[in-house]
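Following: one structure in structure tokens, then a few remarks.
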Amino acid sequence: MILKYLLRKEFTQIRRNSFIPRLIIVFPIIIMCVTPWIMNMEVKNIVVDVVDNDRSTLSQQLVHEIEANKYFIFHGQQPTYAAALNNIEHSEADIIMVIPQHYNRDITLGRMPQVLIATNAVNGTKGSMGAAYLSQIVYTNASPSAAAIQSKVSTLYLYNKHLNFKLFMIPALFAIVMMLITGYLPTLNIVSEKEAGTIEQINVTPISKWTFILAKLIPYWFIAFFVITVCLFLAWIIYGITPKGNIALIYLLAMLLALFFSSFGLIISNYSDTMQQAIFVMWFFVVFLLLLSGLFTPTRSMPSLAYLTTYINPVSYFIDAMRTVFIRGGNFSNIIHQVFALFCISIFMGGWAVISYKKNN
């Protein structure tokens, strides 16, 4: 009975604040409509200058292949390497390709001519990937046998045959939405009551700490289910992407992550006296949880010390399991490890939220 009363109070408090219901609806829409288009790790629009010292049919064929490639922007042919280098120094080009003299003759005689590729490596990813793309084009053009072999090689892309980056990112974006909605709102809940003084009225009642904290957590589980439903609907309507696996597993993962973040938010609010303090502390942890989760880069690419943090990072487990269910169509047995880890971490944080809450007896 007491829990029912407290839940009614929480839902009424959320409904009275006109900003929170709008945030719950608008924020997932903005994230799902905008972020998949800009969070793309493909390297494109690489500006290339070409210095053709051979001026032969084969060298011009190589130039035309670069012009037609979707990853490059052909900036033009420069008379000398110095002129092309000047464009890089003025940020007008990213890569220089110098075709040597007798390029056509050497290929005809079965030799491998030395083509110079100079890249601006200020942006290391763009420089290395651009040079790799360009090297592949040069090698295929210079070696007829390589082109013949490549034409006989068949590549099968499993689970994402069109290499659609949005299919990879959208399940991970659920973590961002869950983190900010179910993490920040409970964080600010208790702190706002502390500042308003209304929490003292509850502290003097015989309500147990478990009942009070549970009443704070349950509303955000319902909010989490609503947010995930909105995200799934938008992924289907806008991008035509639907889960390959059981949708019930997605809601299970969402519930566990919501339990963690709502508990974590309450822990921060228990130790914070002002809203500004709670916001900054929450933001500090949110940044680390996101960057070390494998959302943007594979966790195996991290240094060994940073990789160890993924074992205690619930966002990492959530993203890994969500991609397994959403993209690969995995079943419960495929994600049981992640579910167990999320459950243990969430229960631990929930217990900490109860213990850290200071109630006046």
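State the number of lysine pairs found in the chain whose Cα atoms come within less than 21 Å, restricting to pairs 8 or more positions apart or on distinct chains.
27
Which one of Thr140, Gly110, Asn69 has its Cα pushed farthest toward the positive end of the charge dipole of region 46-150, where Lys and Arg give +1 and Asp and Glu give -1 at the Cβ?
Going by the Cα projections, it comes out as Gly110.
Please list 351-357, 318-324, 70-76 highest first by mean number of surrounding beta-carbon atoms within 10 Å per residue. Could you put the intermediate results ahead of the total?
Numbers: 351-357: 17.0, 318-324: 23.7, 70-76: 15.1.
In decreasing order of mean packing, 351-357, 318-324, 70-76 become 318-324, 351-357, 70-76.
Among Asn40, Asn313, Asn104, which one shows the biggest mean-square fluctuation in a GNM of the chain, springs joining Cα atoms closer than 10 Å?
Asn104
Which value, in debye to the nearest 20, gives the size of the charge dipole of region 46-150 about its Cα centre, when Lys and Arg are +1 and Asp and Glu are -1 at the Cβ? Don't skip to the answer; put the middle values down first.
Working: 5 positive and 9 negative charges, 54 e Å.
Approximately 260 debye in magnitude.
Using a cut-off of 10 Å between beta-carbons, work out the net charge of the residues near Tyr159 (Lys and Arg +1, Asp and Glu -1, Tyr159 not included). Show your work: numbers first, answer last.
Details: positive: Lys161, Lys244, Arg323, Arg328; negative: none.
Once all neighbours under 10 Å are counted, the net charge is +4.
State the extension gain, in nm to one decimal, for the chain segment bounded by Asn40 and Asn246, taking 0.36 nm per residue of separation less the distance between their alpha-carbons.
Working: separation 206, 0.36 × 206 = 74.16 nm, distance 2.67 nm.
Contour length minus the Cα-Cα distance gives 71.5 nm.
When you take every Cα atom in region 1-72, what is the radius of gyration, and what is Dmax, the widest Cα pair distance, in Å?
Gyration radius and largest Cα-Cα distance of region 1-72: 28.4, 87 Å.
More than 32 Å apart: what percent of Cα pairs in the chain qualify?
Beyond 32 Å sits 49 percent of the P(r) for the chain.
Determine, from the Cβ-Cβ distance of Tyr271 and Arg55 and an R0 of 56 Å, the FRET efficiency 1/(1 + (r/R0)^6), rounded to the nearest 0.05. Could you put the intermediate results ahead of the total?
Working: r = 72 Å, r/R0 = 1.28.
In this case the efficiency is close to 0.20.
Could you look at the chain and say what percent of its accessible area is carbon and sulfur, using a 1.4 Å probe and all protein chains? Provide the component values of the computation, followed by the final result.
Values: 12250 of 19050 Å².
With neighbouring chains kept in place, the figure for the chain is 64 percent.
Give me the percent relative contact order of the chain, please, defined on Cα pairs under 8 angstrom at least 6 residues apart.
Numbers: 461 pairs, mean separation 66.5, N = 361.
Averaging sequence separation for qualifying contacts and normalising by length gives 18 percent for the chain.
Which peptide among 28-36, 331-339 comes first, and what is the full order, when sorted by highest mean count of other Cβ atoms within 10 Å?
On the way: 28-36: 17.1, 331-339: 14.8.
The most tightly packed comes first, giving 28-36, 331-339.
Give the long-range amide H neighbours of Gly329: residues separated by 5 or more places, or on another chain, with amide H under 5 Å away, using H modelled in the peptide plane at 1.01 Å from N.
Result for Gly329 returns Lys244, Gly245.
Just to be sure I understand the rule: take each whole DSSP H helix in the chain, project its Cα atoms onto its long axis, keep it if the span is 15 Å or more and its mean Kyte-Doolittle hydropathy is at least -1.0. Which ones pass?
Details: long enough: 2-16 (21 Å, -0.47); 19-38 (27 Å, 2.14); 57-68 (16 Å, -0.05); 124-142 (26 Å, 0.11); 165-196 (46 Å, 1.23); 209-239 (44 Å, 1.82); 247-271 (36 Å, 2.06); 275-291 (24 Å, 2.20); 314-326 (17 Å, 0.75); 332-356 (35 Å, 1.58).
Those that clear 15 Å and a mean of -1.0 are 2-16, 19-38, 57-68, 124-142, 165-196, 209-239, 247-271, 275-291, 314-326, 332-356.
The values are calculated or read from the model by the stated rules, or taken from the named source; none is laboratory data. Keep in mind that this is a model prediction, so the values were computed, not measured. Counting neighbours? That spans all protein chains shown, and the Cβs are built from the backbone with ideal geometry, glycine included. To get the accessible areas, we keep the full protein, side chains included, count just its heavy atoms, and leave off ligands, DNA and RNA. Shrake-Rupley method; radii C 1.70, N 1.55, O 1.52, S 1.80 Å.
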